[in-house]
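Report on the structure given below.
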Amino acid sequence: MRALGLASLLSLSASAQEPADLARGRTVYRDACETCHGRDGDGRGPSARELDPKPRNFVSGSFKFRSTESGERPLLDDVVRTVSTGIRGTWMPSFEKLMSPADLRAVSGYVLAFGPKGEVPERLVPASAELTVLPDSPAMRERGRALYESLKCGQCHGPEGRGDGPAASTAKNDLGEVTPPLDFTIGLYKGGSTPADVYRTFVTGLDGTPMPSYGDSLPKEEDRWALVHYVRSLSRSPGFFRWLFGPRTPWE
Ligand code: HEC
Ligand code: HEC
């Protein structure tokens, strides 16, 4: 295969990036990410050994939080969102207050350039701002509850969403780490907790984990939002979490 320069690698994976951003991305990466994700992006930085779950191996190209089809690479915007917000309940920090928007984009493009190359994948779920959230209501939650049962989400997440379904104890990710299904009553979502975030999570699934993609089994918008509202309604004690995490609780 013809050797590609760094600039062209980047333009393949993230067309919006200017070549100059890659050098910037590398500087930011070495400063802020390398200790966990490794100089070569293989997830084996010096700090990785202690961590569970392990930092992502970017070379594999398998990402949990995507707006794209299961098995596809994420969009640049997906990576920017993850790096900005961090991943709750793991060692992946939030960088939005630590770097400029330009640096966030540059380092996200650099991360994507470690992975497989090719066309920018197709967007499956519209950007959060462009999604039309169908309103929550008792009827929607009831519809969501019925879907939760018929789609057997409870096999993993438990009949009442406590993360204690019959398949929960055997849930493992690609690295063989135990990956508990989310306990919806705690409501601390890794991929974001707004209705649009939860919608994206179960439409696209979380690659590398047992959490499947439900885009095909739920073609109707109304069903998708019904499930979002039902699942979010299972979270308890928002007051406590507001106290713990400040004004930006997981429900906002
Ligand atoms: C203290 C360790 C640590 C540092 C520093 C760190 N990360 Fe992570 N990162 C993690 C861990 C752990 C995960 C895996 C979390 C999981 O699997 O739920 C992760 C996951 C990710 C993911 C994967 C998201 C997905 O969709 O699967 C991206 C992208 C990412 N990190 C980017 C970065 C970038 C960019 C930086 C630097 C600006 C950075 N990380 C710094 C620990 C770290
Ligand atoms: C085969 C087991 C399994 C089934 C079935 C399943 N899930 Fe999951 N789900 C998981 C696992 C495991 C995780 C946690 C992955 C992680 O933390 O990396 C998860 C996480 C989630 C998350 C949270 C992601 C986040 O941001 O933290 C949502 C929302 C979710 N599932 C919704 C659903 C819904 C709705 C259904 C049914 C339509 C469903 N799941 C069916 C295993 C499953």
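Derivation of every value follows stated rules applied to the coordinates shown; laboratory data play no part. Fair warning: this is a prediction, and the values are worked out from it, not measured in the lab. Here Cβ is always computed from backbone atoms with ideal geometry, including for glycine, and neighbour counts include all displayed protein chains.
Backbone geometry of segment 101-115 corresponds, through the Karplus equation with coefficients 6.51, -1.76 and 1.60 at θ = phi - 60°, to 3J(HN,Hα) couplings of x, 5, 5, 4, 5, 4, 6, 5, x, 5, 4, 5, 5, 5, x Hz, x marking Gly and Pro.
With a Förster radius of 22 Å applied to the beta-carbon distance between A102 and S60, the computed FRET efficiency rounds to 0.20. The lysine pair tally for the chain, using Cα distances under 14 Å and a gap of 8 or more places or different chains, is 4. Full extension of the segment from Q155 to R30, taken as 0.36 nm per residue of separation minus the current Cα-Cα distance, would add 40.9 nm.
Entry note: segment 131-245 has Rg to Rh equal to 0.95, where both radii use alpha-carbon atoms and Rh is the Kirkwood radius. Histogrammed with a bin width of 10 Å, the alpha carbon distances of the chain distribute as 7, 29, 35, 21, 7, 1 percent, first bin at zero. Taking every DSSP helix (H) stretch of at least 4 residues in the chain, weighting each as -39,500 (n - 2.57) and dividing the sum by the residue count yields a mean residue ellipticity at 222 nm of -11000 deg cm²/dmol. By the scheme Lys and Arg +1, Asp and Glu -1, what is the net charge of all other residues having a beta-carbon under 10 Å from that of L206? Neighbourhood net charge equals +2.
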